[in-house]
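Visitor: Here it is, the structure, as structure tokens.
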Amino acid sequence: MSRSPLRRSLATPVLLGLILVAFALVAWAVGSKPFNQTIIDIFLKVIFAVGLWVFIGNSGVISFGHIAFACLGGYVAAWTTIKPMMKGISMPGLPDWLMQTEIPYWAAAAVGAGWAAVWALIFGAVLMRLSGIAASIATFAMLAMVNSIYSNWDSVTAATSSVVGIPIVRSVWPYLIAAILAVVLGWAYGISRHGLALRAARDEPTAAAASGVNIPRMRLIAFVVSGAIMGMGGALYAHSIGIVTPDTFYLGLTFITLSMLVVGGMGSLSGAVLGVLFLSSLIQGLRWLEAGVQVGTSTFALPGGVQEIALGAVMILILMFRPAGIMGNRELTLPRAGSDTPGRSGPTN
Amino acid sequence: MGSLLQIVFDALSLGSLYALGALGIALIFGVMRLVNFAHGDVIAACVFALLWPSVDAVAIVFAGNLPWFLLIPFVLAVGAGLSVLSELVVFRRFRRANPATMMIASFGLGFVIRYFLLMLFSSRPKSISLLPTLSQPVEILGARIPLLQLITILVTVAVLFGLTAFLRRTRFGLEMRAAAENFTMARMLGVRANRVIMGAFALSGALAAAIALILGSQTGTANIMMGANVMLMAFIATVIGGMGSLAGAVLAGFLLGTVATVMQVILPPDARAFRDAFVYGAVILVLIFRPQGLLSARGTKERV
């Protein structure tokens, strides 16, 4: 095959992008506010799942800590976009220059991504020296550490109370653009030299190391890229609901995003995106049932908590019977488009 | 003198909790390389086993009314039973899966247990009075120590000795140690794998129940999230102890308890709220210098 990896795998981001655009168009055509919010939520989850995939999918190391970067990004949005007067009341400890800053939401998302990337570099430099399981647990400790700091640093994060007044962006288009940006970034990383080296290290660590792949360094690069994507997602998440609390970005969101990635398939970018779409539809259906459905004359409603139980059960069943997820480590491509798509061979689980 | 002794007892009792938790995680990791994220939720489930399911704010005490000599075995049995059940229903199907897959499955299982509790009991913390006589203080060398702290430490020491004797002196313990060292080899030499794994789960569940009893009487509340913090510290203890090393897990558990207590004392008041963050930071520093843990277990080194 003489075609470059770029052209060979180009169909994947294009197809995924088209699916996302289709969702946005449906939201625009329906025009109902709750539905619009649902679609925005799906786009945010796509950003998170792709961010997770960049690290987990390529390195094979499970990270429970990436939502910490979303937390960093979310608070950057709070620090930079709330009106200075309101900031003075809820977060009096901010430095003066930050107190006066008021930037548009897209700039906040970019700054949030940068801020998260800086911290990913700092944490990653330490964590990437660990191997497999120990690294996973250490990322969990990182999540708890960030949560503990943000829940207690009263003057800068308003501790556990909600920070309100973040300008809400209700249009679906910025989220669509961000989701597509995340997909393109993930794809570009996947076909890059670094992505290839990291996947080699995932599948055959000894051989990769012997061929000159510096594994901790490659993991660190993936960690920073994924941290930046999570930071962007976190900032936009803050703008989608207008409120941040440290517990917004803790175990619940970690569980949901991770189960989306697992169900879709950790081994491929398409798996990350389609897992979000699949589980989001399931969650939406269960929410509808929890709210109560009129059957004849009686109302039928599921008790609260069923949503998470069902998610957990789906996740465990998928792991039992189809550990490579819905996509089975394959990418979405055009028929005959390529036999060599990036991320095709996944972890042997 | 008195206050120093107080610190020592605080450190020991907090360390005991972490050590018991770490032991429960290391036992299972040793035999089947499973990092059991559901452990913390088993702890919470054991506390809720004392109550009758209801979403009202007031807890309806059910099994909690039993006298202590029935109550303690009951809770231990609940913990062991739930843990064995999770192995039968979920983990048995993951024997051939890699550790990362099992770890995510246990994470999912933990959420299922937690939200099952939420469905039955709601997410509001409930106040319970579990073994109230234990909160009375006793005086030792001029320091007033809550009786519970003393019992926590004594129970942990007893559990450690009991477990050591069990692992060293009984046939089952021998099989378990053999399985932890080299599972395939042990199977070939006639160790029944499923029995050993079930035994490890039962022991780990009973340890979770012991933590539940201590936490329940210490805090006087039942909360669906109550196991999470201990579990996290226990995980960290197993990592710094060297994954799969039981002695390392216990040692690291006490070390973490000590570090946390000492930080509580020496940190300036403004920074005390960040105690846990400092502990996690210290852990990351330890891992820089000893990525394989303090005592690395034989058989868990990555082989080429």
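The values are calculated or read from the model by the stated rules, or taken from the named source; none is laboratory data. Fair warning: this is a prediction, and the values are worked out from it, not measured in the lab. Ideal geometry is used to build each Cβ from the backbone, glycine not excepted, and the neighbour counts take in all protein chains shown. Surface accessibility is based on the protein's heavy atoms, side chains included, excluding ligands, DNA and RNA. Shrake-Rupley method; radii C 1.70, N 1.55, O 1.52, S 1.80 Å.
Visitor: From the C-alpha coordinates alone, can you work out the Kirkwood hydrodynamic radius of the range A:276-335, in Å?
Guide: About 13.6 Å, per the Kirkwood formula over Cα pairs.
Visitor: For the range A:109-171, just the Cα atoms, rotate onto the principal axes and tell me the three extents in Å, largest first.
Guide: 42, 27, 19
Visitor: With a 1.4 Å probe and all protein chains in place, put A:Lys83, B:Lys126, A:Lys33 in order of accessible area, largest first.
Guide: Per-residue accessible area, sorted high to low, gives A:Lys33, A:Lys83, B:Lys126.
Visitor: Next up: Mind checking the mean number of beta-carbon atoms from other chains within 10 Å of the Cβ atoms in B:267-280?
Guide: 4
Visitor: Amide H to amide H, which residues 5 or more places from B:Leu294 or on other chains are under 5 Å from it, using H placed in the peptide plane?
Guide: B:Gly241, B:Gly242
Visitor: To check my understanding: the extent here is largest minus smallest coordinate of the Cα atoms along each principal axis. What are those three numbers for the range B:14-156, in Å, largest first?
Guide: Dimensions of the range B:14-156 along the principal axes of its Cα atoms: 55, 39, 25 Å.
Visitor: While we're here: Using the charge dipole of the protein assembly as shown (Lys, Arg: +1 at Cβ; Asp, Glu: -1 at Cβ; taken about the Cα centre), state which of A:Met145, B:Gly242, A:Gly234 has its Cα farthest towards the positive end.
Guide: Checking the options against the dipole of the protein assembly as shown, the answer is B:Gly242.
Visitor: Return, for the Cα atoms of the range A:244-293, the radius of gyration and Dmax in Å, separated by a comma.
Guide: 12.7, 38
Visitor: How many partner chain Cβ atoms sit within 10 Å of a residue's Cβ in peptide A:317-324, on average, as a whole number?
Guide: 4
Visitor: Give the Rg (one decimal place) followed by the Dmax (whole number) of chain B, computed from C-alpha coordinates and expressed in Å.
Guide: When restricted to Cα atoms, chain B yields Rg and Dmax of 19.3, 59 Å.
Visitor: At a temperature of 10 °C and a viscosity of 1.306 mPa s, determine how fast the range B:75-200 diffuses translationally according to Stokes-Einstein, using the Kirkwood radius over alpha-carbon pairs as Rh; express D in µm²/s, rounded to the nearest whole number. Intermediate results must be reported in sequence, preceding the final value.
Guide: Values: Rh = 18.4 Å.
Taking Rh from Cα pairs, D becomes 86 µm²/s.
Visitor: Within the accessible area of chain A, what % is carbon and sulfur when the probe is 1.4 Å and the other protein chains stay in place?
Guide: The value for chain A is 67 percent carbon and sulfur by accessible area.
Visitor: Based on the Cα atoms of the range A:1-112, what semi-axes does the equivalent ellipsoid have, where each is the square root of 5 times one gyration tensor eigenvalue, given in whole Å with the largest first?
Guide: Computed over the range A:1-112, the values are 34, 22, 14 Å.
Visitor: Enter the Cα centre distance for the pair the range B:58-108 and the range B:222-243, rounded to the nearest angstrom.
Guide: Comparing the Cα centres of the range B:58-108 and the range B:222-243, I get a distance of 16 Å.
Visitor: Which whole-number percent gives the relative contact order of the range B:163-252, counting Cα pairs below 8 Å spaced six or more residues apart?
Guide: After rounding, I find 13 percent.
Visitor: Another question about this same structure. Mean projection of the alpha-carbon convex hull of chain A over all orientations, in nm²?
Guide: Over all viewing directions, chain A projects a mean Cα-hull area of 19.5 nm².
Visitor: Averaged per residue, what accessible surface does the protein assembly as shown expose to a 1.4 Å probe, in Å²?
Guide: Ligands and nucleic acids excluded, the result is 41 Å² per residue.
Visitor: Can I ask one more? Over all distinct alpha-carbon pairs, what is the Kirkwood Rh of the range B:1-63 in angstrom?
Guide: 14.6 Å
Visitor: Moving on. Using a 1.4 Å probe, how large is the accessible area of B:Thr133, given in Å² and rounded to the nearest 10?
Guide: 90 Å²
Visitor: Cα convex hull of the protein assembly as shown: mean projected area in nm², to one decimal?
Guide: Numbers: hull surface 129.4 nm².
Quarter of the Cα hull surface area: 32.4 nm².
Visitor: Please give the peptides A:92-105, A:229-242, A:140-153 ranked by average Cβ packing (other Cβ atoms within 10 Å per residue), highest first, as a rough proxy for protection.
Guide: Ranked by mean Cβ neighbours within 10 Å, highest first: A:229-242, A:140-153, A:92-105.
Visitor: I'd like to compare B:227-233, B:85-91: which one has the highest average count of other Cβ atoms within 10 Å, and what's the full order after that?
Guide: Numbers: B:227-233: 23.9, B:85-91: 18.0.
Highest to lowest by the protection proxy: B:227-233, B:85-91.
Visitor: Share of chain B's accessible area from carbon and sulfur, percent, 1.4 Å?
Guide: Reported share for carbon and sulfur atoms: 67 percent.
Visitor: With +1 assigned to the C-beta of every Lys and Arg and -1 to the C-beta of every Asp and Glu, and no other charges, what is the dipole magnitude of the range A:10-248 about the Cα centre in debye, to the nearest 20?
Guide: Dipole size: approximately 300 debye.
Visitor: So how strong a dipole does the range B:23-227 carry about its Cα centre when Lys and Arg Cβ are +1 and Asp and Glu Cβ are -1, to the nearest 20 debye?
Guide: Details: 16 positive and 6 negative charges, 153 e Å.
In total the dipole reaches around 740 debye.
Visitor: Give me the accessible area buried between chains B and A, both sides summed, with a 1.4 Å probe, in Å² rounded to the nearest 100. Present the calculation step by step, with values, prior to reporting the outcome.
Guide: Numbers: alone 15240 and 15540 Å², together 27090 Å².
Summing both chains' loss of accessible area gives about 3700 Å².
Visitor: Compute the signed sum of charges (Lys and Arg +1, Asp and Glu -1) over the other residues within less than 12 Å, Cβ to Cβ, of B:Leu267. Intermediate values should be presented prior to the final figure.
Guide: Values: positive: B:Arg272, B:Arg275; negative: B:Asp270, B:Asp276.
Once positives and negatives cancel, what remains is 0.
Visitor: Then there's this: Just the Cα atoms of the range B:154-269: what Rg and Dmax do they give in Å?
Guide: When restricted to the Cα atoms of the range B:154-269, Rg and Dmax are 16.8, 58 Å.
Visitor: Now for a different question. Mean Kyte-Doolittle of at least 0.5 plus a Cα span of 20 Å or more along the axis: flag which DSSP H helices in chain A meet both, please.
Guide: Both cut-offs are met by A:11-30, A:33-59, A:67-81, A:105-127, A:132-152, A:173-191, A:215-241, A:269-291, A:306-321.
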